[in-house]
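Okay, so here's the structure we're looking at.
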Amino acid sequence: MEPRFAPRHEPGDHSVQDGQWAGEARAAVGCAGLLLALALTVEAGNGGLTLPSALLWIVLAVVLFTVLLPARVSATSGRLTVRGLWSLRSVRTDRLTVVRWPDGIEQRLVLTDTDGALAQVELRVLLANPALWLLLETDARISYENGILQKGVRDLDRLARRVERDTARSVFTISGLR
């Protein structure tokens, strides 16, 4: 079965990043800061704020920030990089060997290249950033055409259909046709 990839685009020298990361990072800071401010205010209003309780609330706010902060995804032609708070994962997208989109609750695309490097990208990032998806898909095409991509063509096709469906739905909604 021949995969349903988008039309080939010539690889450029440009970099694409998750356009929503900054807003999501600000939201993580805001939620953690709000928790801290409310907790310290309530604690102070209920008989006094002590150093141990203040430290506990600070630690909880930091933990909340750590949980809410999304990974930062960027791509150039041939490479996709996922930066977490304490980790950096990078794969050569023009040398992908495995692409997995596991069924279930966790909506992530798992990419493995010929060097054994592994990166996980949340699907919402690819759906919200068409340029990022296009770079990944173009490079996956190169891997497939070179015979490197062994597993995951069906998952890429499934994802391509989902991106097309969501894009069409957005266009119809914006234009008032839906």
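The values are calculated or read from the model by the stated rules, or taken from the named source; none is laboratory data. On a predicted model such as this, the values are computed, not experimentally measured, just so you know. When we count neighbours, we look across all protein chains shown, and the Cβ atoms used for this are built from the backbone with ideal geometry, even at glycine. Note: areas computed on protein heavy atoms with side chains; ligands, DNA, RNA excluded. Shrake-Rupley method; radii C 1.70, N 1.55, O 1.52, S 1.80 Å.
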Per 5 Å bin, what is the whole-percent P(r) computed from every C-alpha pair distance within segment 32-82? 4, 20, 20, 14, 9, 8, 7, 6, 5, 4, 2, 1
Under a crude label model (7 Å from the Cα following the beta-carbon direction), how far is L49 from L34 in nanometres? 1.9
Karplus-derived HN-Hα couplings along segment 98-106 (A = 6.51, B = -1.76, C = 1.60, θ = phi - 60°), whole Hz, x at Gly and Pro: 9, 10, 10, 10, x, 6, x, 6, 6
The chain, helix-only ellipticity at 222 nm - DSSP H runs n ≥ 4, -39,500 (n - 2.57), divided by all residues, nearest 500: -16500 deg cm²/dmol
Taking the solvent-accessible surface of protein heavy atoms with a 1.4 Å probe, what is the per residue accessible area of the chain in Å²? 59
Cα-centre dipole for segment 39-127 with unit charges at Cβ (Lys and Arg positive, Asp and Glu negative), debye to 20: 300
Out of G23, S170, G33 - ranked by how far each Cα lies towards the positive end of the dipole of the chain, with unit charges on the beta-carbon of charged residues - the top one is S170
Place a +1 charge on the Cβ of each Lys and Arg in the chain and a -1 charge on the Cβ of each Asp and Glu, then give the dipole magnitude about the Cα centre in debye, rounded to the nearest 20. 260
